[in-house]
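Asker: Starting off with a structure, shown below.
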Amino acid sequence: MQNNSMADIIYDYFTSRILFGYYLFGDRLPSISDICRQFQVSALTVRTALIRMREEGYLETTERKRSTVIYRPDEQQEQRYRTAYLSRKEGMDDICRNAYIIFDPIVHRYLEKQTEDSIKQIRSQLQKDKKHPVKQLIMFYAEVMRPLNNPLAVNLHWEIVRYLQTPYLQKSANFEDLDVASKHMEQMLHPIEEGNTEKALEISQAFSKNVTQMFFRSLAGLIDTEQPVEPVPFKWQIYRDHPQLCYTLAAELMSRIDARVYKQEELLPSCQMLAREYGVSLITMRRTLDLLNEIHVTKSENGIGTRVISARLAGPPNFSHLQIRKSLLLLLQSMQLCALTCRNVALNTLSSLDGRDFQALDQELGRLVKGGMTYLTAKTCLLFIGTNSPSAFIREVYRQLCQLLQWGHALHQFSQKLDAGRFYEVHTARLREALRRRDAKRFADGLSELVELSLEGSKTMLLELGFQEDQLV
């Protein structure tokens with residue numbers, strides 16, 4: 001299993017390039033400040049990764065100088081390269097075919113937010129990587145993502161780079177048409193300066209397709225092998241500082257409360273039963289229940305058990321705990337990614353389904369209406385389009401986003417702001433009508449609007465709870 005701290009991601013990023021020959025013996029890595037900017041992390045995080053690489057014999061480090069590669073490849077290098085490629089080939093094909101569904105609307109938003117200074121910075125970075133077209137692509141996306149102030153989006157970008165190891169490992173000499181690739185990038189910057197983001201996005205797509213085709217042509221010889229290789233699917237490892245299982249369990253329990261598996265004012269199963277069900281220790285489950293008590297989702301009563309608190313009886317939440325606040329920020333970041341991408345994902349998913357699937361979602365929304373739970377409409381629709389996507393890549397991305405959305409209960413429990421004017425009921429009715437007409441475009445537009453409005457409402461709540469504006473997406 002991969003680790004999920006940024007130091008581990010940086011370690012994986014550079015060691016993979018050393019192992020497969022991108023960096024050779026005697027080459028120097030980028031400076032610590034450049035790596036900090038590339039990954040948007042602190043110098044301490046970078047040094048942690050470099051120290052580990054030094055201890056494992058990859059680097060020689062000297063104070064105030066760039067680290068030097070001291071690793072010498074062995075005879076197994078080509079075999080490792082072939083295995084790494086073949087094990088990821090299916091996932092790479094899927095990502096190359098479908099990543100645009102997720103990233104096109106995100107990139108469009110990025111491009112809208114570029115300034116004269118940010119474009120100057122992008123040009124400077126691209127000039128440094130002029131002889132490495134694939135690295136140009138990586139760094140371009142890393143640079144233009146900054147204005148969103150969404151670490152989760154940056155994390156997804158680097159996790160994809162981490163998974164697609166082989167495209168970025170070979171020396172630039174293995175690629176053709178370097179000048180053409182550079183021209184694509186420069187051509188993209190001119191319409192950004194002119195405010196024509198649609199044209200810039202079109203050129204970006206052409207460049208990505210061009211580099212992908214060059215990569216697959218360069219690896220054509222590796223495919224001709226009968227050697228069986230265990231496939232490695234793409235898994236999105238979301239970075240959290242010192243994650244604790246109790247926060248994941250708390251989100252899962254809140255999700256079950258939302259679904260009324262555990263009903264308001266009723267007792268949860270005993271701590272022992274919950275621990276057995278989730279396969280955790282009693283201590284971990286007690287910490288989870290303490291956490292839910294702290295934010296007034298539940299209340300433990302001595303000698304009786306833990307009861308789900310009714311929204312009308314709940315007191316003000318206590319979101320002072322650092323990890324709780326980080327979970328709420330991740331909730332907001334996931335909502336923004338859903339708001340940006342759900343229209344494309346909905347159109348793609350619904351185009352692959354038949355009338356029975358439209359009817360099944362309509363019936364599910366009908367159950368929410370009947371049960372007075374239309375505040376779950378957006379999450380229910382997002383989970384549906386993610387789970388039923390024909391792309392394994394999109395299914396994985398939306399699986400993780402929907403898991404982070406479970407923390408929405410912590411906000412909904414204490415605010416009725418979005419309920420004013422039958423907000424949820426109105427939007428649910430529109431979505432159900434689109435489903436009955438099998439109008440995928442109308443459904444996708446309606447879902448995008450609902451998630452966007454929910455995002456703005458959640459930002460307002462977090463500001464009222466004491467979060468700072470610069471913390472938010």
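The values are calculated or read from the model by the stated rules, or taken from the named source; none is laboratory data. Note that the structure is a prediction, hence the values are computed from the model and not measured. Neighbour counts are summed over all protein chains in view; Cβ atoms, including those assigned to glycine, are modelled from backbone coordinates with ideal geometry. Heavy atoms of the whole protein, side chains included, go into the accessibility calculation; ligands, DNA and RNA do not. Shrake-Rupley method; radii C 1.70, N 1.55, O 1.52, S 1.80 Å.
Asker: Any chance the range 112-122 includes a residue that's of a type outside the set (A, V, I, L, M, F, W, C) and either at pLDDT below 70 or under 21 Å from the mean Cα position of the chain (by Cα) (or both)?
Answerer: First, pick out the residues of the range 112-122 that are of a type outside the set (A, V, I, L, M, F, W, C): 112-118, 120-121.
Right, trim to either at pLDDT below 70 or under 21 Å from the mean Cα position of the chain (by Cα) (or both) and you get 112-113.
Yes, that holds for at least one residue.
Asker: Within the range 25-41, how many residues are exposed (fewer than 14 other Cβ atoms within 10 Å of the Cβ) and within 12 Å of residue 10 (Cα to Cα)?
Answerer: Result for the range 25-41: 0.
Asker: Could I ask something else about it? Of (1) open to solvent by less than 20 Å² (accessible area, probe 1.4 Å); (2) charged (D, E, K, R); (3) closer than 21 Å to residue 440 by Cα, residue 396 satisfies all except one. Which?
Answerer: Exception for residue 396: condition (3).
Asker: Show me the helices (runs of 4 or more DSSP H) entirely contained within the range 221-332 in which 2 or more residues are closer than 23 Å to residue 396 by Cβ and modelled with pLDDT under 90. Break it down into steps so the answer makes sense when it comes.
Answerer: Values: elements: 245-258, 271-278, 282-294.
Because the criterion is at least 2 residues that are closer than 23 Å to residue 396 by Cβ and modelled with pLDDT under 90, the helices (runs of 4 or more DSSP H) in the range 221-332 that meet it are 245-258.
Asker: Next up: Inspect all residues belonging to the range 230-242 and state whether any of them is within 30 Å of the chain's Cα centre (by Cα), open to solvent by less than 40 Å² (accessible area, probe 1.4 Å) and of a type in the set (Val, Ile, Thr).
Answerer: yes
Asker: Now a separate question. Looking only at the range 439-473, which residues are in a helix (DSSP H, G or I), of a type in the set (Asp, Glu) and either over 25 Å from residue 348 (Cα atoms) or out of contact with any helix residue (DSSP H, G or I) (no Cβ under 7 Å at 6 or more places or on another chain) (or both)? Working first, answer last.
Answerer: Looking only at the range 439-473, we keep the residues that are in a helix (DSSP H, G or I), and these are 440-464, 469-471.
From the residues that got through so far, the ones that are of a type in the set (Asp, Glu) too are 445, 449, 452, 456, 464, 469-470.
Of everything in the range 439-473, those that are in a helix (DSSP H, G or I), of a type in the set (Asp, Glu) and either over 25 Å from residue 348 (Cα atoms) or out of contact with any helix residue (DSSP H, G or I) (no Cβ under 7 Å at 6 or more places or on another chain) (or both) turn out to be 449, 456, 464, 469, 470.
Asker: Please count how many residues of the range 101-121 are in contact (Cβ under 8 Å) with a residue 40 or more places away in the chain and not in a helix (DSSP H, G or I).
Answerer: 1
Asker: Do we find that residue 85 is surrounded by 15 or more Cβ atoms within 10 Å (Cβ to Cβ), assigned to a loop (DSSP other than H, G, I, E, B) and at pLDDT below 90 in this structure? Break it down into steps so the answer makes sense when it comes.
Answerer: Working: surrounded by 15 or more Cβ atoms within 10 Å (Cβ to Cβ): yes; assigned to a loop (DSSP other than H, G, I, E, B): no; at pLDDT below 90: yes.
Taking the combined requirement at face value, the residue does not satisfy it.
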